[in-house]
Protein chains: 2
Amino acid sequence: MREISRASAPAKVILFGEHFVVYDRLAIVMAIDLRACVTVKPRGDKKIIIRSNTMGLSGEFSFNGDYKPILGGFECIRLKPIYIAAKNVLNLAGEVVGLDINIESEIPVASGLGSSAAVSVATTAAVGNLLEMSLSKDDIFKLALEAERVVHENPSGVDPAVSTYGGVLAYRRSGGIMRLKVNADLPLVLGDTRVIRDTRKMVLHVSEIKRLYPEVVDGIMGVGELVANLAIKALEDGDLITLGHLMNINHALLYAIGVSNLAVERLVWAARQAGALGAKITGAGGGGCIIALSLRENLYHVAESIRVADGNPLIVNMASMGVKIEG
Amino acid sequence: MREISRASAPAKVILFGEHFVVYDRLAIVMAIDLRACVTVKPRGDKKIIIRSNTMGLSGEFSFNGDYKPILGGFECIRLKPIYIAAKNVLNLAGEVVGLDINIESEIPVASGLGSSAAVSVATTAAVGNLLEMSLSKDDIFKLALEAERVVHENPSGVDPAVSTYGGVLAYRRSGGIMRLKVNADLPLVLGDTRVIRDTRKMVLHVSEIKRLYPEVVDGIMGVGELVANLAIKALEDGDLITLGHLMNINHALLYAIGVSNLAVERLVWAARQAGALGAKITGAGGGGCIIALSLRENLYHVAESIRVADGNPLIVNMASMGVKIEG
């Protein structure tokens, strides 16, 4: 066993197919260059102590799962997947050892950027490396997905997948994960509406619209599938113009199922008016973040336009590297 | 021959299916209670003199079509369909008589409200009545459509149809016109973005998007057809809640083919936030007007919200009466 181990994993944005993915349609997700970094050290006792700068939470788990908060309240649900991730790796190795787990993340939480999955993936990798297990990426993905299952009733699995493998992935719930060739630089401006998104509410809203107008929503999702397929080709061709058009169309399909609002539209149109090639909701909608695809020379202009429209802009790039042992 | 004859015809809004109608999809249009009124009198000479308060134009046509402006410039294109409408009726009756044609209209021009068709229909009816011809509504429609053909290369025919028959019509280019049963009061707030719309530019834009992404746009138009069919049922059932949902979805489909913009979205969201049941572009988009469906008790609130968002609101109602002889 090593004395210390560090691993990091990237955040993600959904480029195409959010919501539709719940109904087994194709989604395309991209790892971005915001990372969660997890450091683990063995402890003499059998406690698993987790500290997170981002969440402002620290807590202590016993091996049987009892929780005692150290900092930031009694709520353990956000720390629990990290505990489960670590515990699963320990179980797999047959080790019974306490751990100090320290999380430093640059990923905004609760913004649809997959912060939770990135932390689970990095924790899994760091603990595996601490125990000198040489876990494969497939192993890490499966273990992290199990941890995610503890908090998210029915996770699609796309978040831990993209945090593990990096790059751009096509994903279908029933049909696995495919890494896509991308022959382009994909500079994005992420625009946070500062309106808290409620993923659960949005997913319920879509299921209600689907119940009321099943053929219409099936039709919309069918178009979404066509758009995602064209996007795979545009990514391969490095055709940013087409990719931008397709993002705009995908955004309109999300609008059609009722997950846009005025705060979102303000940012989307601010980005387009500043010359973004395409702009759309990323994630659940109803607030949260948008992404705008832009030529690199125009990125700051798009970001400024989003800022003027009351959004919080952040320039991000594709992260080819998924989970990574840092030492 | 009578000494004077007056007829009026209503404006229209498109409830569902603008743009898609060009590609032989179903559209639903409604006559509204803004009318063009046309008064005709025989003249001793063989001139056809047209005066329009709305257009600020007056001009004189000879029987062979030569044009001489009286007021408002040399451009005769906007007066020409009126001349043609009158001339066609005279030809049909085998009469050779000059006419004074006076147009008083409360329909805003160039706003996608079918002002031109309403004037052509009212002119046709007024001249027919002057000549004591007892034209049927079908006759009036066909004659007015011919006049529209002079200025609009390939008119869908829906504008003269709804101005002639009134009420709510389902229309398909290849498949005629059907009057719909409507078991509801349909109070609308019309919101003018004050951004000049360019129908030709918008139609070309849609044809370009369709050329680039044929399957996607076919899919979107297929969904539009489903939406229009559900709307027919909702109109029959008097189900305004469903009608509002369907208007929102139709708007999103128009957004998807690229005919919305920020000015439009501002008014659409202003209406929705004020409690409109649904809001959408009506007509070509890219500016022009939106319509918002509202409960009657909430109409003024929706109108005020549109005004605050920089729109010009106007409350309109369904006009059951199409073309009408006024005296």
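The values are calculated or read from the model by the stated rules, or taken from the named source; none is laboratory data. Since this is a predicted model, take the numbers as computed values, not measurements. No Cβ is skipped: glycine too gets one built from the backbone with ideal geometry, and neighbour counts run over all protein chains shown. For the accessible areas, the whole protein counts, side chains as well, though only heavy atoms, and no ligand, DNA or RNA atoms are used. Shrake-Rupley method; radii C 1.70, N 1.55, O 1.52, S 1.80 Å.
What to note about this one:
- Within chain A, helix-based [θ] at 222 nm, where runs of 4 or more DSSP H residues each add -39,500 (n - 2.57), nearest 500: -13000 deg cm²/dmol
- Interface area, chains B and A: about 2300 Å² of buried accessible surface, summed, with a 1.4 Å probe and ligands, DNA and RNA left out.
- Across region A:228-244, computed HN-Hα scalar couplings (Karplus, 6.51 cos²θ - 1.76 cosθ + 1.60, θ = phi - 60°) run 5, 5, 5, 5, 4, 5, 5, 5, 4, 7, x, 8, 5, 4, 4, 4, x Hz from first to last residue, x flagging Gly and Pro.
- Nearest-ten-degree value, helix B:262-273 long axis tilted from longest Cα axis of chain B: 70 degrees
- Pairs from the list B:Lys80/B:Lys137; B:Lys80/B:Lys201; A:Lys12/A:Lys181; A:Lys46/A:Lys87; A:Lys181/A:Lys233 with a Cα-Cα gap above 19 Å: B:Lys80/B:Lys137; B:Lys80/B:Lys201.
- Cα-only Debye scattering, region B:227-275: base-10 log of I(q)/I(0) at q = 0.19, 0.33 Å⁻¹: -0.68, -1.12
- Angle between chain A longest axis and helix A:137-151 axis [Cα atoms, degrees, rounded to 10]: 90 degrees
- Taking all protein chains into account, the per residue accessible area for chain B stands at 39 Å² (1.4 Å probe).
- Under Karplus coefficients 6.51, -1.76 and 1.60, residue-wise ³J(HN,Hα) of region A:302-312 in Hz, glycine/proline x: 5, 4, 5, 5, 5, 5, 4, 8, 6, x, 10
- Leading residue at positive end of dipole, region B:188-316 (Cβ point charges), from B:Ser305, B:Val217, B:Met202: B:Met202
- By accessible area, using a 1.4 Å probe on protein heavy atoms only, chain A has 52% of its surface on carbon and sulfur.
- Distance (nanometres) between label positions extended 7 Å along Cα→Cβ at B:Asp66 and B:Arg211: 4.2 nm
- Close amide-amide hydrogen proximity is noted between A:Val195 and A:Gly288, each under 5 Å apart and 5 or more residues distant or on a separate chain (H modeled in the peptide plane; Pro and chain starts excluded).
- Inter-label distance, A:Arg307 to B:Lys324: 5.9 nm, where each label sits 7 Å from its Cα along the C-beta direction.
- The long axis of helix A:115-130 is offset from the longest Cα principal axis of chain A by roughly 40 degrees.
- Computed magnitude of the charge dipole of region A:99-208 (debye, nearest 20; Cβ of K, R +1, Cβ of D, E -1): 480 debye
- Interface residues, region B:254-301 - accessible area loss of 40 Å² or more versus chain alone, probe 1.4 Å: B:Tyr255, B:Ala256, B:Leu262, B:Trp269
- Prolate/oblate/rounded call for region B:188-316, Cα gyration tensor, a/c under 1.5 rounded: oblate
- Placed amide H near B:Thr54: partners under 5 Å, 5+ positions off or other chain: B:Ser105
- Computed E for A:Asp24/B:Glu106 - FRET, C-beta separation, R0 56 angstrom, nearest 0.05: 0.60
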